[in-house]
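See structure below.
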Amino acid sequence: MIVGGGVMGASIAFHLAEAGVRDIVVVERGELACGSSGKPIGGVRAHFSDPLNIELGNRSLRAFRDFPHRPGADIRLETVGYLFLLTEERQEAEFAGSVRLQNSLGVPSRMIDAAEARRLCPYLSTEGLVAAVHSPADGHARPGLVVHGYAAAAERAGARFATRTRVTGMDTAGDRVRAVHTDRGTVACSTVICAAGAWSAGIGAMAGVSLPVRPVRRQLAFTERLSPPAPRIPFTIDFTSSAYFHNSDDGLLFGLADPGQPDGFDTTWTPEWLDLFRDVVRRRAPALARMPTAGGWAGLYEVTPDHNALIGRSGEVPNFLYATGFSGHGFLQAPAVGEIVRDLHLEREPCVDIAPMSADRFLTGAATRPEAHVV
């Protein structure tokens with residue numbers, strides 16, 4: 001059984017079903033992609049500071065490019081690149097080191113100056129801009145299309161999706177989960193895979209597994225239709241403030257992480273949040289602060305203490321696997337993680353060493369490698 005019908009659960013179901021695994025059931029408390037995977041546009045990138053995140057992002061980018069053929073769906077992938085804007089010399093030095101690491105792993109990112117950044121994104125003011133980083137192979141796609149593309153292919157291979165079904169408890173015997181209780185009945189199972197995103201801590205607790213994931217609201221907004229149309233720009237991020245913007249249909253999408261946002265499951269969109277975005281963007285891209293908006297959206301980040309994912313098999317409950325806590329990077333890493341969880345279930349060697357992603361790292365005092373390029 002897979003708990004969670006977002007992009008991670010759908011990817012895992014597809015990869016397992018494709019490998020010939022039978023009797024796959026995906027349980028989702030709402031509809032498919034109703035949680036954070038339902039966001040209108042998701043960035044896809046290999047631009048990270050941690051080598052494992054770079055590998056997961058790069059492998060997933062290849063899968064996104066191949067998505068029309070495998071599993072077979074249009075996900076509206078736009079390879080517009082990512083553009084990180086840097087306003088401090090310390091940031092420039094740190095990102096330069098990350099670019100060297102990325103280049104060594106096959107990612108074509110590069111440091112550029114403020115003038116080139118403005119050529120890539122004409123909205124920018126270069127005042128106070130020390131440098132920028134451009135990753136031309138990155139971009140964005142539609143998470144909902146990815147979820148349904150994976151789910152449709154998984155269903156064709158025999159997987160079943162139980163939507164509007166809430167997990168209420170688990171039966172354990174010895175060191176194994178034997179059954180999962182839902183509000184629509186009890187399901188006996190040989191393996192449980194937690195891909196429940198922001199709700200994962202509660203799911204793990206039912207099996208006696210610690211998954212240190214906390215939910216944090218993130219909000220975004222859309223401009224009204226722009227005339228003349230917006231130029232095609234990279235996914236642009238002011239790194240100091242976390243403000244970002246990029247093309248979305250016939251306008252632009254705006255986002256910003258509110259540093260004062262408390263933990264919680266509230267997904268109410270508050271128009272007042274836009275004042276935070278406008279205050280920041282007025283300095284970096286003044287024209288955007290004056291653009292009228294046509295609404296917005298709020299979802300949940302599933303955040304871990306070091307902003308790295310939890311991927312692995314429980315040491316205490318060996319038939320409990322997990323893939324969660326991606327801290328905003330789950331969509332872009334979902335194809336690679338689907339492969340990894342498939343291999344963990346089949347007891348095969350995964351494509352990368354995911355030992356550093358074990359949830360046990362927070363219990364044993366193991367060294368962590370906090371991801372620096374977090375938005």
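The values are calculated or read from the model by the stated rules, or taken from the named source; none is laboratory data. Given the structure is predicted, the values throughout are model-derived calculations rather than measurements. FYI the Cβ positions are ideal-geometry reconstructions off the backbone, even for glycines, and counts take in every protein chain you see. Side chains are part of the model used for accessible areas, which takes the heavy atoms of the whole protein and leaves out ligands, DNA and RNA. Shrake-Rupley method; radii C 1.70, N 1.55, O 1.52, S 1.80 Å.
Here the calculated FRET efficiency for residue 349 and residue 190, from their Cβ-Cβ distance with R0 = 35 Å, stands at 0.95, rounded to the nearest 0.05. Projecting the Cα positions of 312, 179, 247 onto the charge dipole of the chain (unit charges on Cβ atoms of Lys, Arg, Asp and Glu, taken about the Cα centre) puts 247 furthest along the positive direction.
Here the Debye sum runs over all C-alpha atoms of the range 54-141 as equal scatterers in vacuum, and log10 of I(q)/I(0) at q = 0.14 Å⁻¹ comes out as -0.56. Extent of the range 259-375 along its three principal axes (Cα atoms, max minus min coordinate, largest first): 55, 29, 26 Å. Its residue count N sets the reference 2.2 N^0.38 Å, and the alpha-carbon radius of gyration of the range 28-76 equals 1.36 times that reference.
Across the range 157-185, the residues whose backbone nitrogen lies under 16 Å from the label position 7 Å along the beta-carbon direction of residue 265 are 164-170, 182-184. For the range 155-210, relative contact order (Cα pairs under 8 Å, six or more residues apart, normalised by length) works out to 24 percent. With respect to the chain, whose longest principal axis is taken over its alpha-carbon atoms, helix 89-104 is tilted by about 50°. Going by alpha carbons, how many degrees (0 to 90, nearest 10) lie between the helix axis of 273-284 and the longest principal axis of the chain? For 273-284 against the chain, the angle is about 40 degrees.
Per residue, the chain exposes 40 Å² of solvent-accessible protein surface, assessed with a 1.4 angstrom probe and all protein chains in place.
Computed across the chain, the Kirkwood radius stands at 21.1 Å (inverse of mean 1/r, all Cα pairs).
Taking all protein chains together and a 1.4 Å probe, the residues 142, 166 rank 166, 142 from largest to smallest accessible area. Considering every alpha-carbon pair of the range 214-324, the percent of pairs per 5 Å bin, from zero through the bin containing the longest distance, is 2, 11, 19, 19, 16, 11, 8, 6, 4, 3, 1, 0.
For the range 54-209, the relative contact order is 21 percent, taking Cα pairs closer than 8 Å that sit 6 or more residues apart in sequence and dividing their mean separation by the residue count.
Rolling a 1.4 Å probe across all protein chains gives residue 368 an accessible area of roughly 60 Å². Note on residue 90/residue 289: beta-carbon distance plugged into 1/(1 + (r/R0)^6) with R0 of 25 Å gives a FRET efficiency of 0.40.
Dividing the summed -39500 (n - 2.57) terms of all DSSP H runs of n ≥ 4 by the residue count of the chain sets its mean residue ellipticity at 222 nm at -8500 deg cm²/dmol. Taking a point 7 Å out from the Cα of residue 166 in the direction of its Cβ, the residues of the range 6-48 whose backbone N falls within less than 11 Å of it are 29-30. Stokes-Einstein D for the range 299-358 at 37 °C, 0.692 mPa s, Kirkwood Rh over Cα pairs, in µm²/s? Approximately 275 µm²/s, per Stokes-Einstein.
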